[in-house]
Amino acid sequence: MPVLPDQITLEIVTPERLLFSGAVDEVSVPGVEGYLGILPGHAPLLSELKIGEVMYRQEDTRTYLFCSWGFLEVLPDRVSVLAEIAERAEDIDVTRAQAARERAEKRLKSKDPETDFQRARTALERALARLQVASKASPRGLAAGEG
Ligand code: ATP
């Protein structure tokens, strides 16, 4: 009988950098058909990623990242997230994301026939996902700071 792996080796990369590489107990990613929750021993699959939140869990600690488009490869003991853009929750500039949200909302209300609504909708989706992920940033950075 095949032995089930008890952890997953997760790698999260963008064309620019490696954001995470290590052993985790669980991963959740925004697949194009909805969020995928992956535990060790998951059946192999390939999926496209959409805009959303990547979460990985190591024991009781959950870490959150924003991602925007890319690919996901799942093997029973390995998950690779290849994202076009990804940011750790702690690295998200909340003021910038709020400004992007306001810009996009204004465009979506515009009566200007030149408005690219699809572009405004995806900009809004990115901004909202960034704000959601940023709200889950670990307080560790703050606790360690001068606060
Ligand atoms: P903006 O309108 O503020 O540029 P955007 O959604 O159009 O937002 P993207 O095209 O998704 O931006 O990203 C462009 C680059 O800027 C990427 O490297 C991305 O990581 C970075 N970036 C965008 N918004 C933020 C943010 N709020 N915090 C941190 N990095 C950001």
(request) Could you check E59 against (1) within 20 Å of the chain's Cα centre (by Cα); (2) surrounded by 12 or more Cβ atoms within 10 Å (Cβ to Cβ); (3) away from the ligand (no atom under 16 Å from the Cβ) and say which number it fails? (result) (2)
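So which of E90, E102 ends up being within 13 Å of the ligand (Cβ to nearest atom), touching a Gly at 6+ places or on another chain (Cβ under 7 Å) and acidic (D, E)?
Values: E102 fails: touching a Gly at 6+ places or on another chain (Cβ under 7 Å).
From the options E90, E102, the qualifying one is E90.
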(request) Spot the failing condition for I51; the list is (1) out of contact with any Ser or Thr (no Cβ under 6 Å at 6 or more places or on another chain); (2) buried (at least 17 other Cβ atoms within 10 Å of the Cβ); (3) under 18 Å from L131 (Cα atoms), and only one is missed. (result) (1)
(message) modelled with pLDDT of 95 or more, under 16 Å from I12 (Cβ atoms) and either touching a Cys at 6+ places or on another chain (Cβ under 6 Å) or of a type in the set (K, R) (or both): is that true of R88 in this structure?
(response) yes
(request) Determine which single condition E84 fails, assuming it passes every other condition in (1) surrounded by fewer than 17 Cβ atoms within 10 Å (Cβ to Cβ); (2) more than 22 Å from R17 (Cβ to Cβ). (result) (2)
(request) Search the range 1-24 for residues being assigned to a loop (DSSP other than H, G, I, E, B) and over 17 Å from the mean Cα position of the chain (by Cα), and hand back the single one that is surrounded by the most Cβ atoms within 10 Å (Cβ to Cβ). (result) P5
(request) Taking G70 as meeting all but one of (1) more than 20 Å from L128 (Cβ to Cβ); (2) within 14 Å of the ligand (Cβ to nearest atom); (3) surrounded by 14 or more Cβ atoms within 10 Å (Cβ to Cβ), write down the number of the exception. (result) (1)
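Residues are listed down the side, and each one gets a yes or a no for (1) more than 23 Å from R17 (Cα to Cα); (2) near the ligand (Cβ under 9 Å from one of its atoms); (3) surrounded by 14 or more Cβ atoms within 10 Å (Cβ to Cβ):
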position	(1), (2), (3)
T63	no, no, yes
V74	no, no, yes
K111	yes, no, no
A134	no, yes, yes
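The values are calculated or read from the model by the stated rules, or taken from the named source; none is laboratory data. These numbers were taken from a predicted model, which means no experiment stands behind them. When we count neighbours, we look across all protein chains shown, and the Cβ atoms used for this are built from the backbone with ideal geometry, even at glycine.
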